[in-house]
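Derivation of every value follows stated rules applied to the coordinates shown; laboratory data play no part. Owing to the predicted nature of the structure, the values given are computational and were not obtained by experimental measurement. Reconstructed Cβ throughout: ideal geometry from the backbone, glycine too, with neighbour counts over all protein chains shown.
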Amino acid sequence: MTFKAKFWGVRGSIATPSADHLAFGGNTSCVELSMDGQRVILDSGTGIRNLGHWLLKKNVQHAHLLLSHTHWDHINGFPFFTPAYRKTQSFTIMGGHLNESGGVRRILSQQMDQPTFPVPLDMMAAKIAYEDFTAGDRFTLGRDIKVSTTTLNHPNGATGYRFDYRGKSLCYITDTEHIIGKPDENVLALIDGADIVIYDSTYTDKEFPKKVGWGHSTWQEGVRLCRAATAKRLVIFHHDPDHPDIFMEELESEARFTWSGAMVARENMRINLG
């Protein structure tokens, strides 16, 4: 059994292609899961462009793309996802927060409409299925990939995911805002006993009071949640574009000192769950 995760984009809000963001990466959210060769893609921020090149190189012809939500930093890499333009490829794209907004296909199509983008969604030659569900649903993907979902506290809505596969579990919790002193019960239930929790850690606890209402959380809250839920490891994710490498290096040291189970996501980082 193999269950692997690779981080193709770890930044939040906007891509940061600068010399101060090389060590941790400047591409926005995109994580690839591989479970005995079955591919699940989490979000289609700018990181999905490089992932697309990799999938073509490895001759991967099908994947599920699950969106946490459809704010620009989580979908603006999708028009540059080369495999979607190949007839030999097929994808299932899913979202859990768009039933009242016309569905996931409509939203992805809108961002590719003129005059904001010259190539329409219909130019994608791959066989693409668009499926909407409601956050809180559970379903199975491929061979034995059990998926649990929950609602997250984010403007316009967002969905958190848990993937259970042959005794191992990984959770993807971004974008979400916590309430100080009140652990999110939805998140706690989802991450209970998980092996890996990828968590929205855009801010620090010191920064957070000035960011209330922006829809994000802190790495310290991620630690608190993981400890309360007896999760094994926390991956600090969705880095603030205003946090350069020197800031992130200090954050990484503090997080490791605070809890040995904490680690900071870096672009191209791989995790092997089994």
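Each DSSP beta bridge with both residues in region 3-269 is either parallel or antiparallel, and the antiparallel ones are about 50%. Among the listed pairs K4/K57; K6/K210; K4/K206; K6/K182; K6/K127; K182/K210, those whose Cα-Cα separation exceeds 28 Å are K6/K210; K4/K206; K6/K182. When the charge dipole of region 3-269 is built from unit charges on Cβ atoms (+1 for Lys and Arg, -1 for Asp and Glu) and taken about the Cα centre, the candidate among A129, W72, M94 whose Cα reaches farthest toward its positive end is A129.
Bridging of K168 to aspartates and glutamates at a Cα separation below 13 Å is possible for D36, D144, D192, D195, once same-chain residues fewer than 8 apart are set aside.
Working from Cα pairs under 8 Å separated by at least six residues, relative contact order for the chain is 19 percent.
Using only DSSP helix segments of four residues or longer, with each worth -39500 (n - 2.57), what per-residue ellipticity at 222 nm results for the chain after dividing by its residue count and rounding to 500? Provide the component values of the computation, followed by the final result.
Details: 6 runs with 53 residues, N = 274.
It comes out at -5500 deg cm²/dmol, rounded to the nearest 500.
When the Cα positions of G9, I179, V40 are compared along the charge dipole of the chain, V40 comes out farthest toward the positive end, with charges on each C-beta of Lys, Arg, Asp and Glu.
Can you sort D200, D113 by how many other beta carbons sit within 10 Å, fewest first? Write out the running numbers ahead of the final one.
Working: D200 30, D113 11.
Fewest-to-most ranking of D200, D113: D113, D200.
Measure out, as a whole number of angstrom, how far apart the alpha-carbon centroids of region 81-131 and region 255-274 sit. Using only Cα atoms to place each centre, the spacing works out to 32 Å. Footprinting exposure proxy ranking of R233, R86, fewest other C-beta atoms within 10 angstrom first, gives R86, R233. Scalar couplings 3J(HN,Hα) for region 159-168, obtained by applying the Karplus form with A = 6.51, B = -1.76, C = 1.60 to θ = phi - 60°, are 10, x, 10, 10, 10, 10, 9, 6, x, 10 Hz; x denotes Gly and Pro. Our summary gives region 1-101 a relative contact order of 24 percent, counting only alpha carbon pairs under 8 angstrom and 6 or more residues apart.
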